[in-house]
Amino acid sequence: MEINEGKFGVQEAVCLATISMSTKIFFTSPAFLTNYVGNAGWQMTIISAIISIIVFSFVYILLKRFPGKDIIQIYDISFGRLIGFIFSFVFAAAFLETAAMLLREFVDVIKVYVFRETPPDILIWTVVIAAVLSSFLGLETLARISKLTAYILLVTYFILLLLAIPQYNPTNLFPFFGYGIDKTLIHGIRRSSAYGEVMILTVFAGSLQGTGYIKKAGFISLIFSCLILALGLLAFSMAYPYETTQELIAPVYVLARGIKYGTFFQRLDPIFLFLWIFASHIAISILFYCAVSCYSKIFRLSDLRPIIGPMAVLLYTLAMLPRDFTSVIEGNVHAIREYGWVIFYVLPLITLIVAAIRKKKGGTQNA
Amino acid sequence: MSIFTAMRKLFIYSEPKIHNLGFELLESDDEGALQPPNQTQANQNTKNSGLNNNEMSKGNKNAIKPLGVSEWNKSRKGDGENQKLNPSQTQNQNQAQNDTISKDLSYSLNVLKEKFGVPKNEDIVFRKFKIGKKLDCFMIYVEGMIDKNSINLSMLPTLMSKDILEDMGKQSPVDFLIETVIPVHNLKKESLYGECIKQVLSGASVLFVEGCTECIVMETRGYEKRSVESPKTEMVVMGAQEAFTENLRTNLTLVRRILKTQKLVTELIPAGDINNTMCAILYLDGVASPRVVQEVIKRIKSIKTDLIIGSGMVEQFIEDRPLMLFPQVLSTERPDRTASFIMDGQVVIITEGAPFSMAVPVTFFRLLHTSEDSFTRWPFGTFLRLLRLFGLFCATLLPGLYVAMVMFHPEMLPTELLASIVKSKELVPFPTLLEVLIMEIAFELIREGGIRIPSIIGQTLGIVGALILGQAAVSAGLVSPMLVIIVSVTALGSFAIPNYSMGLAIRIERFFFIIAGAFLGFFGIAFVIFTLGCITCSIKSFGIPFLTPVAPKTKANPDVVLRTPIWMQDKRPDPFQTANRQKQGKNVKNWALKEEPKQKDDNSNGNK
């Protein structure tokens, strides 16, 4: 018996995927990629988005071969039970690890800027509880909360970028191509896994009304995320010289902190804290639910609720594993951003090739 | 024991329960169709399900009773016929026979006296007399529930006049009386004692005639009731000033007076096993979703309780998620608003005994609308709605944000403001959390006291309130002046919430935000908003997600948060799955379009 995850529309799917992909703008990624490409980070992310769009086109072809089936079922059909199980398990583990690292990164960053004396356990458990609750309430609920908050998040984000205009200095954009076009291109391709979260749509394929809707949701969410990330990176590049950006743990927060219009409208960072926290809560919950959903589908469980508790403990454990903030940034997060594409992009591409060779296709179109 | 069970449930997995709460109003083929298919079948099913419920609720009433000698003889005669019927049918037949009105008038009198517990029960009146001074009969009614004038001055003199039976011939007395004698506007025949008893208890008077197996139920209701007054909880400046009363008939009339259409259907269903409170279900045939109508009927019929007093109790029995804070039905005391709900394709329930109607399904955004929004022009309506949204924000978050800001994020306050807050808090002995909680609880007490207090001593409450929340508390150094302002603005915000149940939910949620703000600052508040948001997203009201048309996105008139011009609102809300989506035609300066050809005609005539 399959899990009934409910149905949702393209708009909800776009919100789910966009929030999961764009949240990383609030954390250490902008600073990290400035190390590689200088002030051409916004160009690099556009290249990554283009690569992701190309890969997603192939993933769409794969999904089209199996209408109504999710990626876990497609792995099973294409490879058989054993290899399908390995592929699916790796996929589920990747989602859980991404959720855990996002959680740890979020908690560490928020601890640096806001809650210096609060034990990280409390912050981590709070987010884990939110993820557990939303997962218990189901995918439809997650999709709806994403949709509901998406407008607010988007408007607040752009208000922040607009309010920071006095901080922008266009001369900071030069040298225009950063450390060189070749480096931008190479790192753009390597870090295309920054958009790897778009693959959540393949896990929830059964909940969308058809393969055409997945294509629409995937491309729109990739374009939106690219715009959000590129505009953010462009703003940071203009606001600070790239040597400074490399040192900032959370450039968005620093940008918000620098807003000052007279003596009254100043230090608005705590207001934008809401933007940050909401986006992180939703992104972590979605990735966590994705891991739970994949795991349940691998073992063909009819109810995913019993998995949520143990998986929450795993999420907490994985988040607590890195020794310190430096190992989070330079170890785990770096690994996910640099090599995540192997799991999120290469596995589906291999599946497409194998399915084409073995002439596997089929499935039912959703009503 | 209960703790042990709870602990066990925590650790042991149980399969998800399958129950009817999973009703979902999803897209279907009949959507948009004027004539919903399978309605008759659905009706049939409901009737059957209702029968089953009744049978279940009756329990042992259907058990086989010992027969009397005469009954045994009768049953022996009919043995041959009965052999063909199954036992349950035979049982039902026996029961029906026992309940059938007897030709023997004295037998009927004894049966009814026994059933009503007379003479112990003193307000049941049995009035014996002779029709036309010849035919024995008796009338039964409840003292105080009938219109005495119509019985004393109209019915009894007519029935007791001498020559009244001269033209009867061979016609049945009951039919003759109904057709030619009794001067009552609404009459009907009944053949079962049970039905007669129900009618008598609801205020009708019933006439039993010698030699007839039927009686006449006469509409002579005339009990004391409150007259129609102006609304008490949903006042408007522009618009109708009528509100519902406790009387069901009056309420139905008020709605019918607005919706003058034969498509308006009123189904009456009794709820409450003992008090049989009537629930009227109103909907527009061909507009309301038949599935919602059936679901409402099913839920009301499945109520198993002795007593139903008013719509509030019915609401608690039929709502989808009883553990949630937000109301899942929309209560209103205004007939005009009720009519607009019906026109939008919602189903309205009016219960006897309460001056409120309930509309289902309902969405979150509808709970923030008032009838004033529609009565005023769109810029004013939009302004009022935005003001109300700001009120909602203040009522929910303001104290929590204040606590979080003072305790965790003072850096965001401008230096002057921070200095004045710190200065005002210097003499206050309580920590911020305690200070806010004391003030909020004091305010809630004043509000609750204000509702319960007799109006004669109402002024006292105002003085006490001013002392607690006002200058006296500040002078005593118990609270800071800033907090008094915060609590006052919060109170004003909560008064702006138009729905009372929604207002109560917000009042409770406010405390969650205060505590979360005190423990984790803005992070805590964001956490509570996220969790409450998730829970709210998961609520459904009669199969419709609570946050439609925003999450999930559905087609809707531009009348969700902002109130756009009335001519733009041409569709019924999509989530209600109405059979007829179109609410109005194109009304953009229609008068100008019509006048153009007329002007041309006039010109041409003038030329001639």
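Of the residues B:Val479, B:Val484, only one is in a helix (DSSP H, G or I) and modelled with pLDDT under 90; which? Show your work before the answer.
Working: B:Val479 fails: in a helix (DSSP H, G or I).
Unique residue meeting the criteria: B:Val484.
Just name the residue that is farthest from A:Gly262 (Cα to Cα) out of those in segment B:402-454 that are touching a Pro at 6+ places or on another chain (Cβ under 7 Å) and in a helix (DSSP H, G or I). Walk me through how you get there before you give the answer.
The initial filter retains those residues of segment B:402-454 that are touching a Pro at 6+ places or on another chain (Cβ under 7 Å), namely B:409, B:412, B:418, B:424, B:436, B:440.
When the remaining residues are screened for being in a helix (DSSP H, G or I), the result is B:412, B:418, B:424, B:436, B:440.
Numbers: B:Met412: 13, B:Leu418: 16, B:Ser424: 24, B:Val436: 30, B:Glu440: 34 Å.
Across segment B:402-454, the extreme among qualifying residues is B:Glu440.
Of the residues making up segment B:420-465, those that are touching a helix residue (DSSP H, G or I) at 6+ places or on another chain (Cβ under 8 Å) and among the β-branched types (Val, Ile, Thr) are B:Ile421, B:Val428, B:Thr432, B:Val436, B:Ile446, B:Ile453, B:Val464. A:Val333 meets all of the listed conditions (1) under 19 Å from A:His187 (Cβ atoms); (2) outside any helix (DSSP H, G or I) but one, namely (2). On the stretch given as segment B:185-237, residues that are touching a strand residue (DSSP E or B) at 6+ places or on another chain (Cβ under 7 Å), surrounded by 19 or more Cβ atoms within 10 Å (Cβ to Cβ) and aliphatic (A, V, I, L, M) total 8. Filtering B:Leu398, B:Leu386, B:Leu417 for residues that are touching a helix residue (DSSP H, G or I) at 6+ places or on another chain (Cβ under 8 Å) and farther than 20 Å from B:Gly239 by Cα leaves a single hit, B:Leu398. Considering segment A:116-145, the residues that are buried (at least 23 other Cβ atoms within 10 Å of the Cβ), within 8 Å of another protein chain (Cβ to nearest Cβ) and of a type in the set (Gly, Ala, Ser) include one that is nearest to A:Thr18 (Cα to Cα), namely A:Ala143.
Per-residue answers, yes or no, for (1) crowded, with 19+ Cβ neighbours inside 10 Å; (2) modelled with pLDDT of 80 or more; (3) under 25 Å from B:Gly503 (Cα atoms):
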{"position": "B:Pro429", "(1), (2), (3)": "no, yes, no"}
{"position": "B:Leu437", "(1), (2), (3)": "no, yes, yes"}
{"position": "B:Glu440", "(1), (2), (3)": "yes, yes, yes"}
{"position": "B:Leu461", "(1), (2), (3)": "no, no, yes"}
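Going by the conditions given, is B:Val561 part of a helix (DSSP H, G or I), within 14 Å of chain A (Cβ to nearest Cβ), at pLDDT 85 or above and out of contact with any Pro (no Cβ under 6 Å at 6 or more places or on another chain)? Spelling it out, it is not the case that B:Val561 is part of a helix (DSSP H, G or I), within 14 Å of chain A (Cβ to nearest Cβ), at pLDDT 85 or above and out of contact with any Pro (no Cβ under 6 Å at 6 or more places or on another chain). Considering only residues of segment B:402-423 that are within 20 Å of B:Leu437 (Cα to Cα) and more than 10 Å from chain A (Cβ to nearest Cβ), which is surrounded by the most Cβ atoms within 10 Å (Cβ to Cβ)? Looking at the filtered set, the residue picked out is B:Val403.
Residues in segment A:263-295 that are in a loop (DSSP other than H, G, I, E, B) and more than 9 Å from chain B (Cβ to nearest Cβ): there are none. State all residues of segment A:74-112 that are buried (at least 18 other Cβ atoms within 10 Å of the Cβ) and within 30 Å of B:Glu411 (Cα to Cα); if no residue qualifies, say none. Correct list: A:Met101, A:Leu102, A:Leu103, A:Arg104, A:Glu105, A:Phe106, A:Val107, A:Asp108, A:Val109, A:Ile110. The single condition from (1) without any contact (Cβ under 8 Å) to a residue 40 or more places away in the chain; (2) closer than 30 Å to B:Ser202 by Cβ that B:Leu323 fails is (2).
Candidates are the residues of segment A:149-168 that are crowded, with 20+ Cβ neighbours inside 10 Å and within 19 Å of A:Leu16 (Cα to Cα); the one that is nearest to the other protein chains (Cβ to nearest Cβ) is A:Thr149.
Restrict the check to segment A:17-26 and report whether at least one residue is in contact with a Pro (Cβ under 7 Å, 6 or more places away or on another chain), surrounded by 24 or more Cβ atoms within 10 Å (Cβ to Cβ) and either modelled with pLDDT under 95 or among the hydrophobic types (A, V, I, L, M, F, W, C) (or both). Step through it out loud before you land on a result.
From segment A:17-26, those in contact with a Pro (Cβ under 7 Å, 6 or more places away or on another chain) are none; that's our starting set.
No: segment A:17-26 contains no residue that is in contact with a Pro (Cβ under 7 Å, 6 or more places away or on another chain), surrounded by 24 or more Cβ atoms within 10 Å (Cβ to Cβ) and either modelled with pLDDT under 95 or among the hydrophobic types (A, V, I, L, M, F, W, C) (or both).
Does B:Ser480 count as at negative phi and either in contact (Cβ under 8 Å) with a residue 12 or more places away in the chain or within 14 Å of another protein chain (Cβ to nearest Cβ) (or both)?
yes
The strands (runs of 3 or more DSSP E) located wholly in segment B:311-378 that include 2 or more residues which are under 16 Å from B:Pro575 (Cβ atoms), within 10 Å of the chain's Cα centre (by Cα) and not aromatic (Phe, Trp, Tyr) occupy B:357-360. Elements of the type helices (runs of 4 or more DSSP H) sitting completely within segment B:135-254 and holding at least 2 residues that are more than 28 Å from the chain's Cα centre (by Cα): these cover B:156-160, B:173-176.
I'd like to check something: does segment A:197-214 contain any residue that is part of a helix (DSSP H, G or I), more than 24 Å from A:Thr98 (Cα to Cα) and either without any contact (Cβ under 8 Å) to a residue 60 or more places away in the chain or more than 14 Å from chain B (Cβ to nearest Cβ) (or both)?
Pass one, segment A:197-214, residues part of a helix (DSSP H, G or I): A:197-203, A:205-207, A:211-214.
Checking the rest, the ones that are also more than 24 Å from A:Thr98 (Cα to Cα) come to A:211-213.
In the following step, the residues that additionally are either without any contact (Cβ under 8 Å) to a residue 60 or more places away in the chain or more than 14 Å from chain B (Cβ to nearest Cβ) (or both) were identified as A:211-212.
Checking segment A:197-214: at least one residue is part of a helix (DSSP H, G or I), more than 24 Å from A:Thr98 (Cα to Cα) and either without any contact (Cβ under 8 Å) to a residue 60 or more places away in the chain or more than 14 Å from chain B (Cβ to nearest Cβ) (or both).
Only one of these is out of contact with any His (no Cβ under 7 Å at 6 or more places or on another chain), in a helix (DSSP H, G or I), touching a residue at least 24 places away in the same chain (Cβ under 8 Å) and surrounded by fewer than 15 Cβ atoms within 10 Å (Cβ to Cβ): B:Arg291, B:Arg257. Name it. Steps first, answer last, please.
Numbers: B:Arg291 fails: surrounded by fewer than 15 Cβ atoms within 10 Å (Cβ to Cβ).
Selected residue: B:Arg257, the only one of B:Arg291, B:Arg257 that is out of contact with any His (no Cβ under 7 Å at 6 or more places or on another chain), in a helix (DSSP H, G or I), touching a residue at least 24 places away in the same chain (Cβ under 8 Å) and surrounded by fewer than 15 Cβ atoms within 10 Å (Cβ to Cβ).
Identify, from the list B:Thr536, B:Thr490, B:Thr531, the residue that is more than 14 Å from every other protein chain (Cβ to nearest Cβ), out of contact with any Gly (no Cβ under 7 Å at 6 or more places or on another chain) and either surrounded by 19 or more Cβ atoms within 10 Å (Cβ to Cβ) or among the hydroxyl-bearing types (Ser, Thr, Tyr) (or both). Write out each step before concluding.
Working: B:Thr536 fails: more than 14 Å from every other protein chain (Cβ to nearest Cβ); B:Thr531 fails: more than 14 Å from every other protein chain (Cβ to nearest Cβ).
None of the other options fit; the residue is B:Thr490.
Taking the criterion of being part of a helix (DSSP H, G or I), within 14 Å of chain B (Cβ to nearest Cβ) and β-branched (Val, Ile, Thr), the residues of segment A:91-115 that qualify are A:Val107, A:Val109, A:Ile110, A:Val112. Would you mind stating whether A:Arg300 is assigned to a loop (DSSP other than H, G, I, E, B), farther than 30 Å from A:Lys69 by Cα and among the charged types (D, E, K, R)? Criteria not met by A:Arg300.
Within segment A:1-16, the set of residues being within 19 Å of A:Ile284 (Cα to Cα) and surrounded by 24 or more Cβ atoms within 10 Å (Cβ to Cβ) comprises A:Glu12, A:Ala13, A:Val14, A:Cys15, A:Leu16.
So that you can scan it fast, the table gives a plain yes or no per residue for (1) without any contact (Cβ under 8 Å) to a residue 12 or more places away in the chain; (2) under 26 Å from A:Val198 (Cα atoms); (3) surrounded by 18 or more Cβ atoms within 10 Å (Cβ to Cβ):
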| position | (1), (2), (3) |
| --- | --- |
| A:Leu248 | no, no, yes |
| A:Val252 | no, yes, yes |
| A:Phe264 | yes, no, no |
| A:Ala279 | no, yes, yes |
| A:Leu301 | no, yes, no |
| A:Arg305 | no, yes, no |
| A:Gly331 | yes, yes, no |
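Is it true that some residue in segment A:285-299 is more than 19 Å from the chain's Cα centre (by Cα), without any contact (Cβ under 8 Å) to a residue 24 or more places away in the chain and surrounded by fewer than 17 Cβ atoms within 10 Å (Cβ to Cβ)? Among the residues of segment A:285-299, at least one is more than 19 Å from the chain's Cα centre (by Cα), without any contact (Cβ under 8 Å) to a residue 24 or more places away in the chain and surrounded by fewer than 17 Cβ atoms within 10 Å (Cβ to Cβ), which makes the answer yes.
The values are calculated or read from the model by the stated rules, or taken from the named source; none is laboratory data. If you're wondering where the values come from, they're calculated on a predicted model, not measured in any experiment. Note that each Cβ is placed from the backbone with ideal geometry, even for glycine, and that neighbours are counted across all protein chains shown.
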